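Engineer: One structure, pasted below without further comment.
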Amino acid sequence: MTSALSRREILAKCAALGSLTVAASILLPTVLSAWEEKEKSRIPTPWNELGPFYKRRAPRTSTLRVSGDPGLPLTVSGQVFDTRGQRVPNATVEVWQTDHLGHYDINGYRYRSTLICDDSGKYAFDSVMPGHYPQRVCQHIHYLASAEGHKPLTTQLYFATDPVFEGDPDKNFRRDPLIGSRDLVRPVSIGGDPKSILASVAFEIVLERL
Ligand SMILES: [Fe+2]
């Protein structure tokens, strides 16, 4: 992909050669700025249902998986942006999910967390791959993201490795009628060694400004 800098150089050369008919000294910086702003812009993360199992005031921990927990260890990480591509510092990201068997902790706060993003909008947590449960077709993690000056976002993260997709989430993501957007189904990287496999997923969040 052509870098923003090289585009700027190309345009500057075009202007110097008279190929651009705009009043370059005045308009070129504005044109370039608008162009680069458009290139950085991001589509808001699609909304998805809150669901019935949300609980307020989950603990602030990035360690949802504790030693000895069964299931496939999973690390989820991401960064919060606004639609202009600017990082949103210190956003709050609440997550909740089932254990590996598809059970929510209704009485306590297992597999629930309130994450506070760092100065660059980054968050991460360790968990296990959630299980399936009878009311839902696909494995998922619920999200409620909020930040000052931005619209709160309720959404869900899904996994391209979900057996329901039979290896083809592009074709099969609608098998779960609640998945309104393919964008919410993310690739899963498998690492570690055969004795300690670790799955990891990246899930960036894009919030709209108020
Ligand atoms: Fe759920």
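The values are calculated or read from the model by the stated rules, or taken from the named source; none is laboratory data. Owing to the predicted nature of the structure, the values given are computational and were not obtained by experimental measurement. Cβ atoms come from the backbone with ideal geometry, glycine included; neighbour counts cover every protein chain shown. Side chains included, ligands, DNA and RNA excluded: accessible areas come from the protein's heavy atoms. Shrake-Rupley method; radii C 1.70, N 1.55, O 1.52, S 1.80 Å.
Engineer: If a residue must be at pLDDT 95 or above and outside any loop (DSSP other than H, G, I, E, B), how many such residues does the stretch 30-72 contain?
Structural biologist: 1
Engineer: Determine, yes or no, whether residue 87 is away from the ligand (no atom under 16 Å from the Cβ), open to solvent by 10 Å² or more (accessible area, probe 1.4 Å) and among the basic types (Lys, Arg).
Structural biologist: Values: away from the ligand (no atom under 16 Å from the Cβ): yes; open to solvent by 10 Å² or more (accessible area, probe 1.4 Å): yes; among the basic types (Lys, Arg): yes.
Yes, satisfied.
Engineer: Answer with yes or no whether residue 163 is open to solvent by 10 Å² or more (accessible area, probe 1.4 Å) and within 20 Å of residue 47 (Cβ to Cβ).
Structural biologist: On the way: open to solvent by 10 Å² or more (accessible area, probe 1.4 Å): yes; within 20 Å of residue 47 (Cβ to Cβ): no.
The answer is no for residue 163.
Engineer: Return the residue satisfying two criteria in turn: it lies in the stretch 133-157 and is of a type outside the set (Phe, Trp, Tyr) and within 10 Å of the ligand (Cβ to nearest atom), and of such residues it is modelled with the lowest pLDDT.
Structural biologist: Applying the first criterion (of a type outside the set (Phe, Trp, Tyr)) to the stretch 133-157 yields 134-142, 144-157.
Imposing the further condition that a residue be within 10 Å of the ligand (Cβ to nearest atom) reduces the set to 135-136, 138-142, 156.
Details: 135: 90, 136: 93, 138: 97, 139: 98, 140: 98, 141: 98, 142: 98, 156: 98.
So, considering only residues that are of a type outside the set (Phe, Trp, Tyr) and within 10 Å of the ligand (Cβ to nearest atom), the one modelled with the lowest pLDDT is 135.
Engineer: Next up: Scan the stretch 92-110 for residues that are under 16 Å from the mean Cα position of the chain (by Cα) and not in a strand (DSSP E or B) and jot them down. Explain how you work it out, then say what you get.
Structural biologist: Keep residues of the stretch 92-110 that are under 16 Å from the mean Cα position of the chain (by Cα), which gives 92-97.
Across the stretch 92-110, the qualifying residue is only 97.
Engineer: So which residues in the stretch 48-63 are more than 18 Å from the chain's Cα centre (by Cα) and of a type outside the set (Val, Ile, Thr), if there are any at all?
Structural biologist: The initial filter retains those residues of the stretch 48-63 that are more than 18 Å from the chain's Cα centre (by Cα), namely 51-61, 63.
Matches in the stretch 48-63: 51, 52, 53, 54, 55, 56, 57, 58, 59, 60.
Engineer: Confirm whether residue 117 is within 12 Å of the ligand (Cβ to nearest atom), more than 15 Å from residue 74 (Cα to Cα) and open to solvent by less than 20 Å² (accessible area, probe 1.4 Å). Step through it out loud before you land on a result.
Structural biologist: On the way: within 12 Å of the ligand (Cβ to nearest atom): no; more than 15 Å from residue 74 (Cα to Cα): yes; open to solvent by less than 20 Å² (accessible area, probe 1.4 Å): yes.
Taking the combined requirement at face value, the residue does not satisfy it.
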